[in-house]
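J.: What follows is a single structure, and I will ask about it in a moment.
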Amino acid sequence: MPGLKRLCTVIALVAATSTLLGQGQGVTVRLSTMAPAGTTWDDALKTMGIEWEKATAGRVKLRVTGGSTQGTQSTVIRYMRPEINQVDAALLTAGGLAEVDPGFNVYGIPFFFQSDAEEQAVRQKLEPLLVKRLEAKHFHLLSWGHGGWVQLFSTVQIKTLTDLKNAKLWTSAGDTEMIKWYTSNGFHPVAQDVTGILAGLRTGTINATPMPPYGAVSLQLGGVVKYMLDINVDPLIGALIMTDAAWDKIDAGDRDKIVAAAKAMGATLQTKVPAQDALSVKAMQLKGLTVTTLDPAATATLRGEADKLAATMRGNMVPADIYDLALQARDAFRKSHGH
């Protein structure tokens with residue numbers, strides 16, 4: 001049947017041509033981030049995209065949509081679901097990641113970590129487990145991100161945990177579990193969107209808010225907040241994750257290149273963000289900010305009380321195995337460094 005053979009040949013040629021065209025077009029990864037254009041995070045992501053395209057000879061390209069224009073982190077995560085498939089990758093904070101898996105709530109425990117070195121030692125222990133938990137939800141972790149250390153800014157001076165409990169403390173609207181935790185431990189959380197922080201401080205609806213210094217400057221809190229408690233509350237850790245669907249489109253030989261560039265992006269943030277925060281504090285001091293520094297005894301007292309509160313997150317907000325591993329790694333680090 002010559003006609004049938006010719007038809008089969010044509011179909012085979014069309015299929016082969018389509019495959020080659022598809023390979024020529026490559027993959028464009030649609031990435032969403034809260035970071036506004038021109039910020040350190042936006043620049044780092046775009047630099048990573050240039051490296052992706054260069055390292056893969058154009059087979060992998062990146063399109064960044066920033067400034068939360070695609071909505072909240074919850075919305076972005078929904079857009080990453082297979083049934084919607086509008087976003088391929090996202091740079092999320094630990095709070096957003098916790099919506100994918102609660103293990104990431106470990107990075108939101110107030111006063112659990114004291115330094116970058118300590119957090120990185122814990123992260124090294126946690127990463128294999130967190131990666132597996134993400135992969136079970138059909139996501140790949142490409143790299144970690146750093147948003148700076150959260151400090152406590154306020155319109156009233158705060159020196160003790162009691163002062164903090166008496167404050168009208170901003171917390172993110174929609175984070176019901178954190179609101180419950182604060183309330184059950186004697187705090188007075190006030191749930192608002194980030195966009196309401198400045199007005200809340202001005203009107204007295206809130207009088208304290210935790211955030212990194214650069215974030216405070218970006219929200220124009222300088223001149224409104226009067227005090228900053230100079231003690232690390234928690235690191236604003238994030239991560240760059242990609243969907244299985246997008247990952248599977250990338251040629252196996254290009255995946256290591258993609259991950260290497262993503263990790264280089266994370267390393268860039270780890271270097272640039274702390275310097276950026278230090279400059280932000282100085283800028284706010286010029287507008288009248290008073291930095292409150294506790295003496296060693298007061299710091300130890302506050303952290304001791306905070307550790308008791310942190311334990312109430314175990315098995316509740318933070319899965320018990322994640323909490324236990326983090327605590328073990330943190331205490332081992334402190335012991336090895338004479339803390």
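J.: Considering only residues of region 168-193 that are farther than 18 Å from R303 by Cα and of a type in the set (A, V, I, L, M, F, W, C), which is modelled with the lowest pLDDT?
T.: A173
J.: Can you find even one residue in region 88-99 that is out of contact with any strand residue (DSSP E or B) (no Cβ under 8 Å at 6 or more places or on another chain), in a helix (DSSP H, G or I) and at negative phi?
T.: yes
J.: Okay, moving on. Looking at (1) within 22 Å of the chain's Cα centre (by Cα); (2) more than 30 Å from V29 (Cβ to Cβ); (3) outside any helix (DSSP H, G or I), which one does S143 not meet, given that it meets all the others?
T.: (2)
J.: Restricting to region 147-203, count the residues that are on the phi < 0 side of the Ramachandran plot and assigned to a strand (DSSP E or B).
T.: The total comes to 17.
J.: Quick one: would you say I206 is outside any helix (DSSP H, G or I) and closer than 17 Å to L169 by Cα?
T.: Spelling it out, I206 is indeed outside any helix (DSSP H, G or I) and closer than 17 Å to L169 by Cα.
J.: Restricting attention to region 178-207, and to residues there that are out of contact with any Ser or Thr (no Cβ under 9 Å at 6 or more places or on another chain) and surrounded by 14 or more Cβ atoms within 10 Å (Cβ to Cβ), which single residue is nearest to Q276 (Cα to Cα)?
T.: Filtering region 178-207 for residues that are out of contact with any Ser or Thr (no Cβ under 9 Å at 6 or more places or on another chain) and surrounded by 14 or more Cβ atoms within 10 Å (Cβ to Cβ), the one nearest to Q276 (Cα to Cα) comes out as L198.
J.: May I pose another question? Considering only region 240-339, give the helices (runs of 4 or more DSSP H) lying wholly within it that have at least 3 residues that are touching a residue at least 40 places away in the same chain (Cβ under 8 Å), within 30 Å of R63 (Cα to Cα) and hydrophobic (A, V, I, L, M, F, W, C).
T.: 244-249, 252-285
The values are calculated or read from the model by the stated rules, or taken from the named source; none is laboratory data. On a predicted model such as this, the values are computed, not experimentally measured, just so you know. Every residue, glycine among them, receives a Cβ derived from its backbone with ideal geometry; neighbour counts consider all protein chains shown.
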